[in-house]
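Shown next, in structure tokens, is the structure this report addresses.
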Amino acid sequence: MIDLAEAQPRSADLTLPRLRGPRPPAQTEALAVEILALKRQHNAVILAHNYQVPEIQDVADFVGDSLGLSQQAASTSADVIVFCGVHFMAETAKILNPGKIVVLPDKDAGCSLEESCPAPELAKLQATNPNFYTIAYINCSAAVKALSDVIVTSGNALKIVNAAPKDRDLLFVPDENLGAWVMEQTGRPMTLWRGNCYAHVEFQRDNILRARAAYPDAKIVVHPESLREVRELADVVCSTEKMITYCKNSPARRFVIVTESGIIHRMQKECPDKEFLCAPVFNVMQLPTDNCRCSECRYMKMNTLEKLRDCMKHLAPRVEMPADILAKARAPIERMLEISARA
Ligand code: 13P
Ligand code: SF4
């Protein structure tokens, strides 16, 4: 049996080394100066997801969730978009800006959700029901977007599913957990693709119950990619950007955050007088998994400040895709942005 007191050091272990950075501060500073000079040279904008390491967030022009990043990509006047996130996010920026250069620090920064849904498999399922209306979570490939009617993010999924045509059979891909949450909230039945986020499904009900017992005053803040049994324990279930807003506006002083640990950096910056604990994760032997970064997305963490500098220096790796996919994937993203902007 785990001593409840062990949960607290574990959360600190997860965040503090990241805040200090992996190199001497003077080197981090020098890299940041180089990156800002390259930004001016190329008239570039740096977009970073809330899960990126703190030092990348600190040099970015905009840090946000998938929805905010798509909105920024849709409206930027920069010539070059430097996307610090995972591949499908950079692809989305390219689809919205076919004429611009889009680079990302590590081209191998993928996503387990994207991997779970190959476009040919989706096409086969779609062929079984011509009345399907395909709603794709943005965490999917450009080829899957090209087969979809509308895209959603965790920030706008409820609004977009509520707006979906009533006479169509809804097919939701690729996240079965987000899809199940959307069904619960909207009451719209949907056929769900059986994909999941390998990181979020690690959070277990027992761990969250322990956190609740150890910190009864804390609010439990959960991302909808988590399992239903975990979502059921939440005070709020929402996208990463809404998590930050919730923590800012809540009178509570302490929060257990059930998502990727990179988000803690912004939370601490924007709410310096509040305390944020990464959800404790324990292994099957019920021992704290201190050496395992269970609440870290291995793909998001592939990006480093060095790789960011290099991709800006060489304007590579670039995001490219076949012209037909690029053209077809645009309409469902634009539909999402349009519905999202409605009052
Ligand atoms: P958000 O859109 O909530 O930031 O989520 C993105 C993501 O990949 C969650 O795992
Ligand atoms: Fe994909 Fe999960 Fe990583 Fe988000 S946290 S990018 S859903 S693998």
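The values are calculated or read from the model by the stated rules, or taken from the named source; none is laboratory data. Everything numeric in this text was worked out from a predicted model, so none of it was measured. Neighbour counts run over all protein chains shown; Cβ positions are idealised from the backbone, glycine included. Only protein heavy atoms, including side chains, enter the accessible area calculation; ligands, DNA and RNA are left aside. Shrake-Rupley method; radii C 1.70, N 1.55, O 1.52, S 1.80 Å.
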How many of the residues making up the stretch 108-137 are farther than 9 Å from Val173 by Cα and among the β-branched types (Val, Ile, Thr)?
-> 1
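Yes or no, residue by residue, for (1) under 26 Å from Ala119 (Cα atoms); (2) in contact with a helix residue (DSSP H, G or I) (Cβ under 6 Å, 6 or more places away or on another chain):
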| position | (1), (2) |
| --- | --- |
| Pro165 | yes, no |
| Glu176 | yes, no |
| Thr186 | no, yes |
| Thr191 | yes, no |
| Gln204 | no, no |
Being surrounded by 24 or more Cβ atoms within 10 Å (Cβ to Cβ), among the aliphatic types (A, V, I, L, M), touching a residue at least 40 places away in the same chain (Cβ under 8 Å) and not in a helix (DSSP H, G or I) is the filter here, so list the residues in the stretch 47-57 that pass it.
-> Leu47
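If you take the residues of the stretch 304-343 that are of a type in the set (Lys, Arg) and outside any loop (DSSP other than H, G, I, E, B), which of them is surrounded by the fewest Cβ atoms within 10 Å (Cβ to Cβ)?
Across the stretch 304-343, the extreme among qualifying residues is Lys313.
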Look through the stretch 278-298, keep the residues that are within 16 Å of ligand 1 (Cβ to nearest atom) and either of a type in the set (A, V, I, L, M, F, W, C) or surrounded by 22 or more Cβ atoms within 10 Å (Cβ to Cβ) (or both), and return whichever of them is modelled with the highest pLDDT.
-> Cys297
Among the residues of the stretch 168-189, is any open to solvent by 40 Å² or more (accessible area, probe 1.4 Å), within 14 Å of ligand 2 (Cβ to nearest atom) and touching a Lys or Arg at 6+ places or on another chain (Cβ under 6 Å)?
-> yes
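Could you count how many residues in the stretch 253-277 are part of a helix (DSSP H, G or I) and open to solvent by 10 Å² or more (accessible area, probe 1.4 Å)? It would help to see each step written out before you state the result.
Here is the first cut: in the stretch 253-277, the residues part of a helix (DSSP H, G or I) are 263-270.
Narrowing the set further to residues that are open to solvent by 10 Å² or more (accessible area, probe 1.4 Å) leaves 265-266, 268-270.
Of the residues in the stretch 253-277, 5 are part of a helix (DSSP H, G or I) and open to solvent by 10 Å² or more (accessible area, probe 1.4 Å).
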Identify, please: which residue in the stretch 96-110 is out of contact with any helix residue (DSSP H, G or I) (no Cβ under 6 Å at 6 or more places or on another chain) and in a loop (DSSP other than H, G, I, E, B) and is, among those, nearest to Pro332 (Cα to Cα)?
-> Asn97
Going through the stretch 203-225 one residue at a time, which ones are open to solvent by 70 Å² or more (accessible area, probe 1.4 Å) and assigned to a helix (DSSP H, G or I)?
-> Arg205, Asp206, Leu209, Arg212
Single condition Pro120 does not satisfy, out of (1) part of a loop (DSSP other than H, G, I, E, B); (2) open to solvent by 40 Å² or more (accessible area, probe 1.4 Å) = (1)
Thr134 vs (1) surrounded by 15 or more Cβ atoms within 10 Å (Cβ to Cβ); (2) assigned to a helix (DSSP H, G or I); (3) more than 16 Å from the chain's Cα centre (by Cα): all pass except (2)
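Filter the stretch 231-252 for residues that are of a type in the set (Gly, Ala, Ser) and open to solvent by 10 Å² or more (accessible area, probe 1.4 Å); which is farthest from Leu69 (Cα to Cα)?
First, pick out the residues of the stretch 231-252 that are of a type in the set (Gly, Ala, Ser): 234, 239, 250, 252.
Within this subset, residues satisfying the condition of being open to solvent by 10 Å² or more (accessible area, probe 1.4 Å) are 234, 250, 252.
Numbers: Ala234: 26, Ser250: 24, Ala252: 28 Å.
By that ranking, first place goes to Ala252.
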Filter result for Lys219 (under 20 Å from the mean Cα position of the chain (by Cα), more than 16 Å from ligand 2 (Cβ to nearest atom), among the basic types (Lys, Arg) and over 20 Å from Ala142 (Cα atoms)) = no
In the stretch 86-109, which residues are closer than 13 Å to Val45 by Cβ and under 15 Å from the mean Cα position of the chain (by Cα)?
-> Ala90, Ala93
